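**Student:** Provided herewith is a single structure, encoded as structure tokens, for subsequent inquiry.
The values are calculated or read from the model by the stated rules, or taken from the named source; none is laboratory data. All of these numbers come straight from a predicted model, not from anything done at the bench. Ideal geometry is used to build each Cβ from the backbone, glycine not excepted, and the neighbour counts take in all protein chains shown. Heavy atoms of the whole protein, side chains included, go into the accessibility calculation; ligands, DNA and RNA do not. Shrake-Rupley method; radii C 1.70, N 1.55, O 1.52, S 1.80 Å.
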Amino acid sequence: MPLYRLFILVLLSLTLLGCDSDSAQQTLKQQQLTISGKISYRERIALPKHSKLIIKLENITSAQKNGEVVAEKTISLGNRQVPIDFQLQVFKDQLNADENYALRASIQNKEGELIWTTDELNLIPTDTHEVSLGVLNLISFQPPEHQNSHTVMFQCGEQQITTVIENESMQLKMNDDLYMLFQVPSASGSKYQSKDKLVSFWNKGHQGILTIADMSWSHCTAVNQDQVEQLPFRAQGHEPEWSLSATYDQVIMTWDGGQKQSVLGETELHIYHAGFELKAYSDTRYIKVETLATLCRDDMSGLPYPYQVSVRLDNLDFQGCGGHSRDLLVGQEWIVQDINQQGIIDFSRLTMTFDDQGRLSGFTSCNQYSTAYEFNERLDIASAITTQKVCPVAIMNQEKVFLTTLADVESLDISINGALVLKTADGRTITARR
């Protein structure tokens, strides 16, 4: 073949490949939504070294989906300072045209502590391929510390918020989200609203109403730290069959196998050294719930609970257990002392730490591990992810037995001397103490 013909064929092939590449890029662009902007803040404060910029696209359609992350990007800043450009891409098939989405930007220091955040809803349209937000000015996450500021916590359904009022402005915190609101006229009570009018909070006395875009929590109740730590609370017992559910503003008592029920409000909570007492009233009834923070075992299932509970409803008395069995797990580290009744290698150290977010982590004597767990009627622990350090054979074998047994665990028990016993369906056990 003459050289000029070969050159033409090569040139034609490259042209076709280029067209295919351009077509693929165009198709990909049509499938994506690209959000861009610039992060800054007005204060002349340098960012700590090794800070991280976190960009999130959140679903804010309903209270159930509030804060659901659709896309997220973390940018390590090193020694960089604001202003900082960002770009976030999300495939459009992850977005629904009839749902609302907002972009949240925040900066964490190297310890993972939140130090700067956006304070308004940055709504993102879904009917386009590119959105430019311009400059997003962040504010400090720390609340004012002046003497004339006033902090109140509210429970809005399952959502907890903290409001910090100073003069005619309010910082409203929800999880790691922060909104800056300003007082506006109200026929009664006090109302605060963001500049874009997409976030508002109204309250009168101990009650409030929170609105974020199309979401609304119409029943917010002021709570204190004791209530946050103890409520909501559940208890149950047998002979007769009964159950109790207590929240910040009401107690629901059901008895006689579900045939009778009473709802009482005007709750009062009193904390004692060894437990707490909860009272509630209605027009015709009175209830007093007394708890003792000591191990209680359910008469029917044998499942351990953290509280013994006595209930007095008018002239009726009930006894049972309360709290959540999971609360017996979480908190302080557990030190493993036995696996399958074979003990453990001398001077080796195995640990387990359960947190209240469903995470389990620890040390196997050789490697760090982490996994997830769920606890309803049974305990489910996922297979663990570990570091890859190599240790002596005996230690590695013990690690393997421990992790295999851990992944098969189905139930827990607390022994009479306070040891935690995790059990598998075929009788294998892990015993640990604090």
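**Student:** I'm trying to understand the selection: among the residues of segment 314-342, which are aliphatic (A, V, I, L, M) and either under 21 Å from TYR272 (Cα atoms) or touching a helix residue (DSSP H, G or I) at 6+ places or on another chain (Cβ under 6 Å) (or both)?
**Tutor:** Listed by number, the residues that qualify are LEU328, ILE339.
**Student:** Taking the conditions exactly as written (over 15 Å from THR151 (Cα atoms) and surrounded by 18 or more Cβ atoms within 10 Å (Cβ to Cβ)), does GLN236 satisfy them or not?
**Tutor:** Yes: the conditions hold for GLN236.
**Student:** Give me the pairs: first residue in segment 217-239 and modelled with pLDDT of 90 or more, second residue open to solvent by 10 Å² or more (accessible area, probe 1.4 Å) and among the small types (Gly, Ala, Ser), beta-carbon distance under 6 Å, and six or more apart or on different chains, which are they?
**Tutor:** Partner pairs satisfying both residue conditions: TRP217/GLY157; ARG234/SER245; ALA235/GLY320; GLN236/SER243; GLN236/GLY320; GLY237/GLY320.
**Student:** Right, here's the next one. Only one of ASN167, ASN175 is out of contact with any strand residue (DSSP E or B) (no Cβ under 8 Å at 6 or more places or on another chain), open to solvent by 30 Å² or more (accessible area, probe 1.4 Å) and free of Cβ contacts under 8 Å to residues at least 24 places away in the same chain; which?
**Tutor:** So the residue among ASN167, ASN175 that is out of contact with any strand residue (DSSP E or B) (no Cβ under 8 Å at 6 or more places or on another chain), open to solvent by 30 Å² or more (accessible area, probe 1.4 Å) and free of Cβ contacts under 8 Å to residues at least 24 places away in the same chain is ASN167.
**Student:** List the residue pairs whose Cβ atoms are under 9 Å apart, where the first residue sits in segment 77-103 and is on the phi > 0 side of the Ramachandran plot, the second is open to solvent by less than 40 Å² (accessible area, probe 1.4 Å) and not acidic (Asp, Glu), and the two are 6 or more positions apart or on different chains.
**Tutor:** GLY78/SER51
**Student:** Would you check which residues across segment 28-45 are surrounded by 10 or more Cβ atoms within 10 Å (Cβ to Cβ) and either at pLDDT below 70 or closer than 19 Å to TRP116 by Cα (or both) and list them?
**Tutor:** Within segment 28-45, LEU28, LYS29, SER36, GLY37, LYS38, ILE39, SER40, TYR41, GLU43, ILE45 qualify.
**Student:** Taking the options ARG326, ARG312, name whichever one is in contact with a Phe, Trp or Tyr (Cβ under 6 Å, 6 or more places away or on another chain), surrounded by 14 or more Cβ atoms within 10 Å (Cβ to Cβ) and among the basic types (Lys, Arg).
**Tutor:** Step by step, each of ARG326, ARG312 is checked, and only ARG326 is in contact with a Phe, Trp or Tyr (Cβ under 6 Å, 6 or more places away or on another chain), surrounded by 14 or more Cβ atoms within 10 Å (Cβ to Cβ) and among the basic types (Lys, Arg).
**Student:** Can you confirm whether VAL184 is within 24 Å of GLY265 (Cα to Cα), surrounded by fewer than 16 Cβ atoms within 10 Å (Cβ to Cβ) and aliphatic (A, V, I, L, M)?
**Tutor:** no
**Student:** Can you give me the number of residues within segment 369-408 that are within 21 Å of ILE344 (Cα to Cα), open to solvent by less than 50 Å² (accessible area, probe 1.4 Å) and in contact with a Lys or Arg (Cβ under 8 Å, 6 or more places away or on another chain)?
**Tutor:** 1
**Student:** Do you know which residues across segment 290-300 are in contact with a Phe, Trp or Tyr (Cβ under 7 Å, 6 or more places away or on another chain) and open to solvent by less than 60 Å² (accessible area, probe 1.4 Å)?
**Tutor:** The answer is THR291, CYS296, ASP298.
**Student:** So, in segment 357-368, exactly how many residues are open to solvent by 100 Å² or more (accessible area, probe 1.4 Å) and under 30 Å from MET300 (Cα atoms)?
**Tutor:** Residues that pass the stated criteria total 2.
**Student:** While we're looking at this one, here's another question. Is one or more of the residues making up segment 378-385 at pLDDT below 95 and out of contact with any strand residue (DSSP E or B) (no Cβ under 8 Å at 6 or more places or on another chain)?
**Tutor:** So far as segment 378-385 goes, no, none of its residues is at pLDDT below 95 and out of contact with any strand residue (DSSP E or B) (no Cβ under 8 Å at 6 or more places or on another chain).
**Student:** Moving on to the next point. Residues of segment 258-289 being hydroxyl-bearing (Ser, Thr, Tyr) and loosely packed, with under 11 Cβ neighbours inside 10 Å, which ones?
**Tutor:** The answer is THR284, and nothing else.
**Student:** Suppose we filter VAL421, VAL336 for residues that are within 17 Å of PRO304 (Cβ to Cβ), part of a strand (DSSP E or B), modelled with pLDDT of 95 or more and hydrophobic (A, V, I, L, M, F, W, C); which single one remains?
**Tutor:** Of VAL421, VAL336, the one residue that is within 17 Å of PRO304 (Cβ to Cβ), part of a strand (DSSP E or B), modelled with pLDDT of 95 or more and hydrophobic (A, V, I, L, M, F, W, C) is VAL421.
**Student:** Please find, within segment 141-158, the residue that is farthest from SER216 (Cα to Cα) out of those that are open to solvent by 30 Å² or more (accessible area, probe 1.4 Å) and at pLDDT 85 or above.
**Tutor:** Restricting to residues being open to solvent by 30 Å² or more (accessible area, probe 1.4 Å) and at pLDDT 85 or above, the top hit is HIS150.
**Student:** Restricting to segment 187-211, and then to whatever is open to solvent by less than 20 Å² (accessible area, probe 1.4 Å) and aromatic (Phe, Trp, Tyr), can you tell me which residue is nearest to the chain's Cα centre (by Cα)?
**Tutor:** Restricting to residues being open to solvent by less than 20 Å² (accessible area, probe 1.4 Å) and aromatic (Phe, Trp, Tyr), the top hit is PHE201.
**Student:** Please verify whether segment 384-402 includes one or more residues that are part of a strand (DSSP E or B), in contact (Cβ under 8 Å) with a residue 60 or more places away in the chain and not hydroxyl-bearing (Ser, Thr, Tyr).
**Tutor:** no
**Student:** Restricting segment 333-349 to residues that are touching a residue at least 60 places away in the same chain (Cβ under 8 Å) and over 20 Å from GLU410 (Cβ atoms), which is most open to solvent (accessible area, probe 1.4 Å)?
**Tutor:** GLN337
**Student:** Taking segment 424-434 only, how many residues are open to solvent by 50 Å² or more (accessible area, probe 1.4 Å), assigned to a strand (DSSP E or B) and of a type in the set (A, V, I, L, M, F, W, C)?
**Tutor:** Residues that pass the stated criteria total 0.
**Student:** Within segment 49-70, is even one residue exposed (fewer than 14 other Cβ atoms within 10 Å of the Cβ), assigned to a helix (DSSP H, G or I) and modelled with pLDDT under 90?
**Tutor:** No: segment 49-70 contains no residue that is exposed (fewer than 14 other Cβ atoms within 10 Å of the Cβ), assigned to a helix (DSSP H, G or I) and modelled with pLDDT under 90.
**Student:** Considering segment 282-310 alone, what residues qualify as being in contact with a helix residue (DSSP H, G or I) (Cβ under 7 Å, 6 or more places away or on another chain) and part of a strand (DSSP E or B)?
**Tutor:** PRO304, TYR305
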